[in-house]
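What follows is a set of notes on a single structure, which appears directly below.
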Amino acid sequence: MFDTTGRKTIIYPPSPPSTPRLRLGSSTSRRTLLDGGWWPRSDDPVAELPGLVLAIEHLHGPVTQLILHADDWDGRPHRIGMAGRVLRLAYFTSQPPGLVTALCGRNGNQVDLLIVPPGTDHDTADAAMALAATPDNRVHAHHIVGTVRARDSPQTTSRAAADWESEGGRLAS
């Protein structure tokens, strides 16, 4: 549903927010690259973002704005009506792909989350969210899924074994 007030269009989701597939780290240290990972079910911001925002607000207080990469979503609404208020969204090509930043009003916190692409298989998505939520993670959002896939690939294991053998090690027969 659309509500036009002057020049500002507010989009209201047609269904209640879904429970997000979200993993947040336990550390509130600003030395981390990411605060956790999120695996949306689709690329539809109207369907996916309200549930995410409610989950973030439960821990960090009211979210005043979300900053998203311009090409990560099917549509680009700038205002979503939810929970009796309006959430502002901003899309930038300078925002790294696969990253959502939530600005929280009460305490000025910024929550940076990996966005795992919706079509990702369960094991990869789970491993990517776990890595993103690790306090000592040093992998940037746009590299995490690829890093997890490479780490868990049978070819990676074979290459590592071949490298080890070429350096003098031997695999047991």
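Residue check: is LEU103 under 26 Å from HIS143 (Cα atoms), modelled with pLDDT of 90 or more and aliphatic (A, V, I, L, M)? In short, yes. Among the residues of region 61-76, those that are modelled with pLDDT under 95, surrounded by 14 or more Cβ atoms within 10 Å (Cβ to Cβ) and within 22 Å of ALA128 (Cα to Cα) comprise ASP72, TRP73.
Taking each residue of region 87-98 that is closer than 17 Å to LEU33 by Cα and looking for partners that are among the β-branched types (Val, Ile, Thr) with beta-carbon atoms closer than 9 Å, six or more apart or interchain, yields GLN95/ILE67; GLN95/THR101; PRO97/ILE115; GLY98/ILE115; GLY98/VAL116; GLY98/ILE144; GLY98/VAL145. Selection of region 97-155 for residues being assigned to a helix (DSSP H, G or I), among the hydroxyl-bearing types (Ser, Thr, Tyr) and within 14 Å of the chain's Cα centre (by Cα) yields only THR124. In the condition set (1) of a type in the set (A, V, I, L, M); (2) touching a His at 6+ places or on another chain (Cβ under 9 Å); (3) crowded, with 22+ Cβ neighbours inside 10 Å, LEU52 is compliant with all but (2).
The values are calculated or read from the model by the stated rules, or taken from the named source; none is laboratory data. Given the structure is predicted, the values throughout are model-derived calculations rather than measurements. Ideal geometry is used to build each Cβ from the backbone, glycine not excepted, and the neighbour counts take in all protein chains shown.
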